[in-house]
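Asks: What follows is a single structure, and I will ask about it in a moment.
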There are 2 protein chains.
Amino acid sequence: MRKVLAISIPPTVRDLGEFALIDRINAGRAQGPAVRLGPGDDAAVLTAARGNYVVSTDMLIEDRHFRLDWSNPDEIGRKAIAQNAADIYAMGAEPVGYVIGLGLPGDTPVDFVSRLADGFWAEAERAGGSVAGGDIVHSAQLVISVTAFGDPLGDRPVTRSGARVGGTVAIAGRPGWSAAGFALLSQAHQGVMRRHADSTAAVVVAAAAAHRAPRPAYDLVRAAMGTATPPEALTDISDGLLADLGHLAAASGVAVAVDSAALRDPDLQLCAAELEADARQWILTGGEDHVFAGVWAPGEAPPPGWTLIGRIEAGRGVAVDGALYRGAGGWEAFSGSDSAK
Amino acid sequence: MRKVLAISIPPTVRDLGEFALIDRINAGRAQGPAVRLGPGDDAAVLTAARGNYVVSTDMLIEDRHFRLDWSNPDEIGRKAIAQNAADIYAMGAEPVGYVIGLGLPGDTPVDFVSRLADGFWAEAERAGGSVAGGDIVHSAQLVISVTAFGDPLGDRPVTRSGARVGGTVAIAGRPGWSAAGFALLSQAHQGVMRRHADSTAAVVVAAAAAHRAPRPAYDLVRAAMGTATPPEALTDISDGLLADLGHLAAASGVAVAVDSAALRDPDLQLCAAELEADARQWILTGGEDHVFAGVWAPGEAPPPGWTLIGRIEAGRGVAVDGALYRGAGGWEAFSGSDSAK
């Protein structure tokens with residue numbers, strides 16, 4: 001009798017085909033209340049409860065914005081939604097829907113795409129809104145292009161340009177953790193496997209998780225918008241804290257004075273000590289945590305959960321402890337390395 | 001005296017950097033009336049004149065949806081907007097804005113991106129709406145992800161599911177020209193250079209142009225929506241005439257009976273004769289012309305410019321001259337060749 005060796009090959013998107021794949025990842029998903037018409041027609045239809053809507057788009061490219069050997073598909077999916085949802089909240093708005101363009105190599109396992117979609121929906125559950133439509137195409141690299149739509153939480157969207165001299169600057173979330181996670185994962189990838197002290201182990205795990213899938217503090221923006229004195233300017237930190245405060249300062253025609261003591265983070269200092277790195281650098285220039293930065297009117301304070309980090313002054317630019325920030329600490333698409341960041 | 005040879009190397013996107021590139025391609029552009037806040041903040045803000053809005057997204061990948069040796073950047077830009085704008089019109093709506101995710105190899109010339117953006121804006125001028133925002137990232141292949149937003153032209157969007165038995169089926173535009181152009185360009189690419197008769201030369205040029213950048217008949221949808229009896233179902237032909245009529249039939253729970261005599265196209269027959277190809281196949285199964293197909297209520301006729309091609313009957317599927325269509329004439333993302341189509 002001959003023995004037959006059965007090798008089970010998981011089905012790929014090429015095996016399944018575009019339409020069946022779309023059916024698979026949309027099965028059992030419930031649309032949010034603002035989505036009048038979801039996937040399946042030429043376009044989706046959404047309701048604009050306040051007569052206008054906020055739109056943001058971000059593209060994530062394999063090996064540039066995520067690495068398949070660092071992140072699982074669920075984390076990649078959550079990150080893709082999070083960075084778009086954060087842009088919507090950064091306008092003082094809440095997401096009501098998303099459309100997603102997906103470029104997939106033909107040999108991508110169907111299971112990978114299902115788990116990616118699970119990540120999209122899991123983060124949409126946290127942020128608000130549902131995936132109302134999309135497009136799936138064949139590409140050489142994995143490409144994820146998310147467009148998010150939102151309703152303003154207040155009477156009007158909150159831009160970067162509303163900061164006034166005397167205003168209070170505060171942040172929601174802890175900056176620098178994604179940068180710390182990137183440094184940790186890079187070292188591990190280069191074979192530098194350290195034995196972390198028990199006291200640091202939890203921090204290391206949290207930093208790596210923060211890099212793989214940020215968890216923006218959506219609720220703190222929602223709470224701030226629900227008060228009698230919402231922020232007058234708002235932005236999300238994606239290029240780096242100082243870089244994005246610089247964008248806010250320029251848009252408002254003011255200067256931002258940052259007090260670095262308010263940003264000290266003992267956990268990140270532990271982490272940095274082990275890596276012989278600089279926690280302050282991570283905090284001031286690391287992006288991708290999608291921390292929110294808001295500016296309150298002179299004399300007004302942000303609600304609980306926000307951390308005061310500085311004030312608005314006359315002038316231009318961003319100063320840290322009185323010293324003007326000049327570095328290109330932020331991250332541009334065509335500078336730096338090609339590794340995920 | 002030594003001679004100096006000066007070689008001028010055009011600046012690339014890597015030379016210029018992301019932010020300067022964004023400034024360059026946005027310079028001098030005027031936003032449309034529905035765009036309350038354009039590029040430069042965390043997100044754009046648009047007005048929904050009718051309280052709801054239509055959203056469509058499409059991703060175009062180099063060598064899959066366009067070829068850099070077949071199309072110039074202006075044509076690629078126009079095609080990217082056209083196929084999204086067509087989806088908005090196919091809902092009985094008109095575009096008011098677009099956001100565009102752009103993945104660019106680092107060595108892409110800045111001039112290429114400027115001309116691509118010119119193409120976006122040129123087709124947006126034809127279709128309505130303006131480019132309200134976007135994202136530019138580094139990628140291995142050129143990737144263009146367009147999301148379009150629109151206002152319904154009538155009281156409500158027109159879906160694929162409104163067709164009723166006895167209804168009249170009509171199309172706006174001439175199907176098959178993009179497929180003919182693809183066939184022509186493929187032969188030329190394979191070195192088959194024919195000497196076209198004078199009578200065919202103009203048709204050949206027009207077919208190649210139709211493939212590189214379709215020109216959907218937006219005005220005919222606008223005219224139809226402005227009448228007292230607008231279409232009850234509407235779709236755009238992107239997968240192929242019979243495939244997309246099949247989607248409409250399935251969504252409406254009816255059958256579509258097509259009369260092929262109404263689709264005869266003498267110009268395409270000339271073209272097909274030269275290529276030893278089948279014009280009927282191009283017309284019935286070629287997609288990407290973004291022809292519109294509409295269904296009018298029993299007894300109602302479409303306005304001038306629309307071509308009657310059939311009627312809605314009880315049953316399922318699509319029949320041509322009485323024979324049920326079974327072929328997978330449409331195009332799925334993961335089937336067929338990888339060449340542009």
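Asks: If you take just the strands (runs of 3 or more DSSP E) that sit entirely in region A:20-62, which of them hold at least 2 residues that are β-branched (Val, Ile, Thr) and surrounded by 24 or more Cβ atoms within 10 Å (Cβ to Cβ)?
Replies: Strands (runs of 3 or more DSSP E) meeting the threshold: A:52-61.
Asks: Would you please name the residue that is surrounded by the fewest Cβ atoms within 10 Å (Cβ to Cβ), looking only at residues in region A:292-323 that are in contact with a Lys or Arg (Cβ under 7 Å, 6 or more places away or on another chain) and among the hydrophobic types (A, V, I, L, M, F, W, C)?
Replies: The residue in question is A:297.
Asks: For residue A:199, are the conditions met, namely being surrounded by fewer than 24 Cβ atoms within 10 Å (Cβ to Cβ), hydroxyl-bearing (Ser, Thr, Tyr) and not in a helix (DSSP H, G or I)?
Replies: no
Asks: Any residue in region A:220-233 that is of a type in the set (Val, Ile, Thr), closer than 20 Å to residue A:284 by Cα and outside any helix (DSSP H, G or I)?
Replies: Let us first name the residues in region A:220-233 that are of a type in the set (Val, Ile, Thr), namely A:221, A:227, A:229.
The next check asks that each one be closer than 20 Å to residue A:284 by Cα; those that pass are none.
Within region A:220-233, none of the residues are of a type in the set (Val, Ile, Thr), closer than 20 Å to residue A:284 by Cα and outside any helix (DSSP H, G or I).
Asks: Something else: Just one of B:9, B:76, B:25 is at pLDDT 95 or above, over 22 Å from residue A:150 (Cβ atoms) and more than 10 Å from chain A (Cβ to nearest Cβ); which is it?
Replies: Details: B:9 fails: at pLDDT 95 or above; B:25 fails: at pLDDT 95 or above.
After applying the criteria, what remains is B:76.
Asks: Let me ask another. Restricting attention to region B:223-254, which residues are hydroxyl-bearing (Ser, Thr, Tyr) and within 11 Å of chain A (Cβ to nearest Cβ)?
Replies: Here is the first cut: in region B:223-254, the residues hydroxyl-bearing (Ser, Thr, Tyr) are B:227, B:229, B:235, B:238, B:252.
Listed by number, the residues that qualify are B:235, B:238.
Asks: While we're on this one: How do the pairs read when you match residues in region A:33-45 that are within 7 Å of chain B (Cβ to nearest Cβ) and over 9 Å from residue B:159 (Cβ atoms) with residues anywhere that are of a type in the set (Gly, Ala, Ser) and surrounded by 24 or more Cβ atoms within 10 Å (Cβ to Cβ), using Cβ under 6 Å and keeping only pairs 6 or more apart or on different chains?
Replies: Qualifying pairs under 6 Å: A:43/B:56; A:44/A:132; A:44/A:133.
Asks: When region B:109-133 is examined, which residues are found to be over 16 Å from residue B:82 (Cβ atoms) and surrounded by 24 or more Cβ atoms within 10 Å (Cβ to Cβ)?
Replies: B:132, B:133
Asks: May I ask you to verify whether residue B:95 is touching a Lys or Arg at 6+ places or on another chain (Cβ under 6 Å), buried (at least 20 other Cβ atoms within 10 Å of the Cβ) and more than 9 Å from chain A (Cβ to nearest Cβ)?
Replies: No: the conditions fail for residue B:95.
Yes/no per residue for (1) in contact (Cβ under 8 Å) with a residue 40 or more places away in the chain; (2) more than 13 Å from the chain's Cα centre (by Cα):
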residue	(1), (2)
A:211	yes, no
A:214	yes, no
A:228	no, yes
A:245	yes, yes
A:250	yes, yes
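Asks: Search region B:135-152 for residues being small (Gly, Ala, Ser) and buried (at least 24 other Cβ atoms within 10 Å of the Cβ), and hand back the single one that is farthest from residue A:104 (Cα to Cα).
Replies: Among residues in region B:135-152 that are small (Gly, Ala, Ser) and buried (at least 24 other Cβ atoms within 10 Å of the Cβ), the one farthest from residue A:104 (Cα to Cα) is B:150.
Asks: If we scan region A:117-136, do we find a residue that is within 7 Å of another protein chain (Cβ to nearest Cβ), touching a residue at least 24 places away in the same chain (Cβ under 8 Å) and either of a type in the set (Phe, Trp, Tyr) or touching a His at 6+ places or on another chain (Cβ under 9 Å) (or both)?
Replies: Scanning region A:117-136, I find no residue that is within 7 Å of another protein chain (Cβ to nearest Cβ), touching a residue at least 24 places away in the same chain (Cβ under 8 Å) and either of a type in the set (Phe, Trp, Tyr) or touching a His at 6+ places or on another chain (Cβ under 9 Å) (or both), so the answer is no.
Asks: In region A:74-129, how many residues are of a type in the set (Ser, Thr, Tyr) and part of a strand (DSSP E or B)?
Replies: Total satisfying the criteria: 1.
Asks: Another question, if that's okay. For region B:142-156, how many residues meet the condition of being part of a strand (DSSP E or B) and either more than 10 Å from chain A (Cβ to nearest Cβ) or more than 14 Å from the chain's Cα centre (by Cα) (or both)?
Replies: So the count comes out to 5.
Asks: Across region A:288-326, what is the number of residues that are out of contact with any helix residue (DSSP H, G or I) (no Cβ under 7 Å at 6 or more places or on another chain) and part of a loop (DSSP other than H, G, I, E, B)?
Replies: Of the residues in that region, 10 qualify.
Asks: For residues that are in contact with a Leu (Cβ under 8 Å, 6 or more places away or on another chain) and buried (at least 24 other Cβ atoms within 10 Å of the Cβ), tally how many sit in region B:263-286.
Replies: Final tally of qualifying residues: 5.
The values are calculated or read from the model by the stated rules, or taken from the named source; none is laboratory data. Note that the structure is a prediction, hence the values are computed from the model and not measured. All Cβ positions, even for glycine, are placed from backbone atoms using ideal geometry, and neighbour counts span all protein chains on display.
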